[in-house]
Structures are given as C-alpha cells and as structure tokens.
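Colleague: Sharing a structure here in structure tokens format.
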Amino acid sequence: MLIGFLALVQSQYMIDKTKVLKDKVLYGYEYRNFTMTTVDECFLQCYENCFCMAFQMCPNTQCQLLSSNQFQFPSALVTTEGCSYYDILPDLQQIKKMNASGCNRVSVCQFHDHLCQNNGSYVALTPTDHTTPRYKCQCLTGYTGSLCQHAIKSCLAYSNGSRVPGNYQVLDDNMKPYEVFCDFDSSSNKVWTLVSSYQLQNKVNFDKSYSKNWPVNEDTPRWDEYRLSKPRMQSVQNDSSKFRVTCKYDTDGLNYTDYLEARNEHVDVLNFVDQQTSSTVVCSFVDYVNIRGDDCGFCTMILYQNVYTFHADSSRTDGCDFQSTGAEKCGGIGEDNFGLYNCVNPAHRCSSSADATTQLWFGTDWL
C-alpha cells in the first residue's frame, strides 16, 4: 500500500488524489462519520469498510463514508462549498490478472453495525466496472433492498428480476410468508399480484363483497377457487396503485376483451359500496373497460358492490360514459360482468362456460 499516491494494487482498490472533486458531495449516501482530518486516514477507513464505495471530507463533519459513488448515481453529486469528494475505485487490470492466475481475493475489509438487516448475509462481489459494489447483502426469502430492509408485500418487489409469471413468496403484515401468483405485463412496466380467482361453477362461494374477510385456499394460489383474506388483500393493495379484473387468464393469458382496470384512488374495491338505486345513477371513473368488445378508456361506468361482490351490469349504462350493446336481461335483473353472475351472458368471457374464470389483481407501474 503506497500512502503517498494511495495506489492499492495488492488490495485491488486505489484512489488518485489528483482526481478529487472539489466543492462536491454525493448527497444522501453518507452512512458513517469520522473525526480524522487527512485524506489518507479517511481513505483507510473507507478501504477497511466493506460497504464504502467513496468518501468525502467536509470542514464540519470531516470524513464521511459513502455507500455509493458518482458512477452509480451521478445526479446525487451536488455542489457544497468547502467539501471534497474522492472515489475508491477497483484496479480492474490487477483484478483481471489475479483472476487469470487463479488467485482468490481475500477480504481485508470489515462489516460494521450489522448493516444487512433481517438476518441477511454478506456476499463478496468481484468488480467488473466502477459501479460494482464491493459486497452486497444476500436477503432471506421475503425481504429486499440493498440492506434487506424492506419486507416484500407484493409482486412489485420482483419487478427487476426475471419477470417470469409464476408463484413468488411475500410477507403479510404479521411477517408470515405465503405464496402469490405474479404477472409481469410484457407490453408495459406493470406488475400484478393475484388476490382472487374462481370458476363460474364456483360462483356461490365467491359472491361475498370484497369488504368481507372471506379467505378461500389463501395459502395456495389456484385458478378454480382462491381468495386471499381481507388483511392480506389490504397488505397487497397498500403496495399497489390500481386493480384489474381479467377473464380466463389461466387458459387465455392476458386478453383485453372483457377487461377492467382502475386506480385505487378512484375505486377502492376493498371498501367500495355502490350508491345505485332504481332512480339514481352514480358513475365511477376507470382507466379502461371492455365488455364483449364494447370499450372506453379514462371514462365512467356503473359499478356495484354492497352485500354481494364487486361487479358491473352492462345492461344499465344510463348517465355514464360506457355504453354496451347486446346485454342480456334475466327477468328484472341485468347481465352481470366481472363478478356475481346471477344473470349470465355466454358472450362475456368470464361467464362463457362453467369452468371460465374471473381474476382480481392489484398492481402498479414499477418504473
């Protein structure tokens, strides 16, 4: 280790004091302060701390260790008079030579303050560029974040992974793990968590309002009979910004014929109670609705939920934007869509056959 130039060839990291960024700090990434006043001392503190990727020195706080650097987050580099910013960078040529010779890197840095939370473990990383951290936290199932500090409550936490639809593990508000089915929309950045699915032939067990706690097979996602408890639905909804209702996702995948999507702020499906009467129409705003090919976007429609489950009645369109043709009438009641199904139209995909399914999802845009 050559302190004069601070070229840490053997340790695979170095600093060039001539490349100091004067009157600059990396805002928001400071995690430890020391009272030492020389660049050499501050560098050694950074070098010996596994999570340190850069450091800065300021007149008041003196030596500040940073958990990121200007290459990862250039927008965080801001002007602060009197401060100086330094990068601690991997010697990529030296690392390449050592890897080619079969030398194993020996850790000489230390972990402080149990930075990996929720029983996360430390994993060494081999730098490939100036954005690679020296170490990372390996999180237990159910946790995410650079320090494993966030509990996974919905499929949103898996958005930056493989984005393959399937079962993933999340935690409820009691920190109990359970599985949910995740759908990652390939045509957008949306990610969805399934909270209910049932076949038309099982409609009697799924006619309860979503405001009621009525779990069905909640620990095992399935298409024919499945509904999360109200607390678990609420936990997923709190990590989401919208909901959607799909038909026959299990056999047809995502199909925008017979589809409903709305924002939670406009329709809170877990607490929604309609105010419809025979003479009064209350319209709800939705992002998109399609029933048997009739559709509209960013428009209003009539929605129902009271004692019975959330649904639409496409035979009644008076006073709202959405208009549907060809709706069924069953005596004194109209065609049910997206739920309930007391009056069934086989032309609606959710009620096209006894094994046709209806799904409720909560989701959001992950970027």
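Colleague: How much length is gained on full extension from THR79 to ASN160, taking 0.36 nm per residue of separation minus their Cα-Cα distance?
Modeller: Numbers: separation 81, 0.36 × 81 = 29.16 nm, distance 3.17 nm.
In short, 26.0 nm is gained.
Colleague: Right, another one. May I ask which of LYS203/LYS242; LYS190/LYS248; LYS136/LYS242 have a Cα-Cα span longer than 26 Å here?
Modeller: Values: LYS203/LYS242 24 Å; LYS190/LYS248 19 Å; LYS136/LYS242 32 Å.
Cα-Cα > 26 Å for LYS136/LYS242; rest within.
Colleague: Long-range amide H contacts for MET14: which residues qualify at under 5 Å (H placed 1.01 Å from N, peptide plane, sequence gap of 5 or more or a different chain)?
Modeller: For MET14, whose amide H was placed from the backbone, the distant partners under 5 Å are LEU8, LEU89, ASP91.
Colleague: Under 8 Å for C-alpha pairs, at least 6 residues apart: give me the relative contact order for the range 13-93, rounded to a whole percent.
Modeller: Values: 165 pairs, mean separation 36.5, N = 81.
Reported as a whole number, the value is 45 percent.
Colleague: With Rg and the Kirkwood Rh both taken from Cα atoms, where does Rg over Rh land for the range 13-93?
Modeller: Values: Rg = 11.3 Å, Rh = 12.3 Å.
So for the range 13-93, dividing Rg by the Kirkwood Rh gives 0.92.
Colleague: For helix 39-48, what angle does its Cα long axis make with the longest principal axis of the chain, in degrees from 0 to 90 and rounded to 10?
Modeller: Helix 39-48 and the main axis of the chain meet at about 50 degrees.
Colleague: Could you please state, rounded to a whole Å, how far the C-alpha centre of the range 284-330 is from the C-alpha centre of the range 15-47?
Modeller: 61
Colleague: What list of ³J(HN,Hα) values in whole Hz, one per residue of the range 13-19 in order, does the Karplus curve 6.51 cos²θ - 1.76 cosθ + 1.60 (θ = phi - 60°) give from phi, with Gly and Pro shown as x?
Modeller: 10, 8, 9, 10, 5, 6, 9
Colleague: Using the count of nearby Cβ atoms within 10 Å as a rough guide to exposure, how do CYS137, CYS320 rank from fewest to most? Provide the component values of the computation, followed by the final result.
Modeller: Working: CYS137 23, CYS320 19.
Starting with the residue having the fewest Cβ neighbours, the order is CYS320, CYS137.
Colleague: Kindly put MET14, MET301 in sequence by how many other C-beta atoms sit within 10 Å of each C-beta, fewest to most. Don't jump to the answer; show the numbers that get you there.
Modeller: Numbers: MET14 20, MET301 24.
Neighbour counts put them in this order, fewest first: MET14, MET301.
Colleague: While we're on this one: Sort ARG263, ARG227, ARG32 by Cβ crowding within 10 Å, fewest neighbours at the top.
Modeller: By the 10 Å Cβ count, ascending: ARG263, ARG32, ARG227.
Colleague: Let me ask another. Please list the non-local residues whose amide H lies under 5 Å from the amide H of CYS296, H modeled 1.01 Å from N, same-chain partners needing a gap of 5 or more.
Modeller: Amide H neighbours of CYS296, under 5 Å, 5+ apart: VAL289.
Colleague: Between [x] 73, 53, 40; [y] 59, 43, 40; [z] 91, 44, 33, which entry matches Cα extents along the principal axes in Å as derived from the coordinates of this structure?
Modeller: Correct label is [z].
Colleague: Could you pull out every residue, at least 5 positions away or on a different chain, whose amide H is within less than 5 Å of the one on CYS83? Hs are placed 1.01 Å off N in the peptide plane, and Pro or chain starts have none.
Modeller: Amide H neighbours of CYS83: ASP23, LYS24.
Colleague: Express in % the proportion of alpha carbon pairs of the range 187-365 at distances exceeding 27 Å.
Modeller: Numbers: 2831 of 15931 pairs.
Of all Cα-Cα distances in the range 187-365, 18 percent exceed 27 Å.
Colleague: Hey, another quick one. Cβ under 12 Å from ASP172's Cβ, ASP172 left aside: what net charge do those residues give with Lys, Arg +1 and Asp, Glu -1? Let's see the in-between values first.
Modeller: Values: positive: LYS153, LYS176, LYS230, ARG232; negative: ASP173, GLU179, GLU218, ASP219, ASP239.
Spelling it out: positives minus negatives among the neighbours equals -1.
Colleague: Report, as a whole number in µm² per second, the diffusion coefficient that Stokes-Einstein gives for the range 129-224 at 10 °C and 1.306 mPa s using the Kirkwood radius over alpha carbon pairs. Before the final figure, lay out each step's value.
Modeller: Details: Rh = 15.6 Å.
Diffusion coefficient, whole number: 102 µm²/s.
Here, each number is a calculation from the coordinates, and none is a lab measurement. Remember, predicted model here, so these are calculated numbers, not experimental data. For neighbour counting, all protein chains shown are included, and Cβ atoms are generated from backbone atoms with ideal geometry for every residue, glycine included.
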